[in-house]
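Asks: Quick one: structure below, then a few questions.
Every number here is computed from the coordinates shown, using simple stated rules; none is lab data. Quick caveat: nothing in here was measured; it's all calculated off a predicted structure. Ideal geometry is used to build each Cβ from the backbone, glycine not excepted, and the neighbour counts take in all protein chains shown.
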Amino acid sequence: MPDLFYLVSKWWKQMVAIVAISLVAVSIVLYLKPAQYLSTTTALPASTFAADKASIFNDNIQQLYPAMGSPGDLDMIIGTAQLDTVYLALADEFDLAGHYKIREQGDAAKRKAANRLKANTKVTRSDFSELKVKVWDADKTFAPQMANAITEKLQTIHQDIQNSNNISLIKKLESGAEKLQADIDSFDFRKMIADSWGPSEAQEATRKAKGEQVQQYEKLINQYQLLVDSKQPVLIIIDKARVADWPDKPKKLPILLATLVLSILFSLCIALLLEKRKVMKQ
């Protein structure tokens with residue numbers, strides 16, 4: 001194997017040419033590539049027990065519920081962020097097809113814009129169990145708008161999921177209360193006909209018990225309805241996305257340094273091949 005200093009001294013012109021061409025080519029690509037600004041929204045998971053009736057209306061066990069959610073709660077939200085649902089909804093709301101200058105029309109433009117936003121978005125969990133919603137965009141004012149909008153959309157979707165069980169319980173309680181009230185109304189009608197025979201203590205006790213059940217049902221309906229209307233948060237946003245002062249992509253200096261190192265190594269390999277070829281011809 002030839003000496004390295006000998007190799008460089010003999011083929012330095014070719015090596016410099018390779019390095020220079022590489023740096024110029026990469027610099028042109030970096031210059032033509034539009035800058036991408038990064039905006040990040042940071043949130044913590046709220047406790048899933050916040051939508052539990054007992055956590056609000058039962059004073060004895062309120063202290064048993066954690067104030068914050070678990071990392072597993074974040075995993076579900078991150079899983080939702082991998083779906084197209086969030087991005088398709090925002091494509092309509094913010095006219096992403098126009099923002100990305102997509103030529104297609106109709107649903108095709110909507111899907112393409114949603115895919116572009118999804119490609120420019122990264123939703124992850126940090127080492128401190130925080131939800132990080134990162135969005136890159138050529139418009140530095142549009143990036144934070146999208147990061148905050150994606151976070152709010154994830155919040156809304158999981159609030160609806162969280163409230164779905166309470167809504168189902170309200171419907172069942174309303175159905176049960178209506179059935180009990182129908183029994184009471186029927187009992188009152190029969191009692192009116194049988195008054196001439198004298199009231200029955202057993203019937204009166206039954207009527208009273210059903211009336212108390214109706215009141216309990218109505219109390220539960222009001223409590224669950226309060227939970228649904230309050231829309232307990234799923235995410236606690238601790239840092240909204242802001243406008244970035246400097247572009248995040250492309251990282252010009254690291255790329256140029258990497259190009260310099262790789263081009264030097266490549267030029268050495270080329271010089272070594274040329275030297276071996278020359279030796280073989282001799």
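Asks: For the pair Q215/A138, report the inter-label distance in nm, with labels modelled 7 Å from Cα in the Cβ direction.
Replies: Each label point is offset 7 Å from its Cα along the Cβ direction, giving 6.9 nm.
Asks: For region 108-163, compute the orientation-averaged projected area of the C-alpha convex hull (one quarter of its surface), in nm².
Replies: Value for region 108-163: 5.0 nm².
Asks: Could you calculate the contour length gain from L226 to A182, that is, 0.36 nm times the residue separation minus the distance between their Cα atoms, to one decimal place in nm?
Replies: So the extension gain works out to 13.3 nm.
Asks: Then there's this: Could you tell me which of the pairs K179/K219; K110/K231; K33/K134; K112/K134; K33/K122; K33/K153 are separated by over 28 angstrom between their Cα atoms in the structure shown?
Replies: In this structure, K110/K231; K33/K153 lie more than 28 Å apart at Cα.
Asks: Calculate the FRET efficiency for R242 and V29 from the Cβ-Cβ distance with a Förster distance of 35 Å, rounded to the nearest 0.05.
Replies: It comes out at approximately 0.75.
Asks: Oh, and also: What are the extents of the Cα atoms of region 207-282 along their three principal axes, listed from largest to smallest and rounded to whole Å?
Replies: Over region 207-282, Cα extents along the principal axes are 116, 34, 11 Å.
Asks: So, one more: E93 versus S70, label points 7 Å from Cα toward the beta carbon: distance in nm?
Replies: Distance between the two pseudo-spin positions: 2.9 nm.
Asks: Could you calculate the FRET efficiency of S175 with R207 from 1/(1 + (r/R0)^6), where r is the beta carbon distance between them and R0 is 22 Å, rounded to 0.05?
Replies: For S175 and R207, the calculated efficiency is 0.60.
Asks: Apply 1/(1 + (r/R0)^6) to the Cβ-Cβ distance of L273 and K249, taking R0 = 25 Å, and write down the FRET efficiency to the nearest 0.05.
Replies: Approximately 0.10, to the nearest 0.05.
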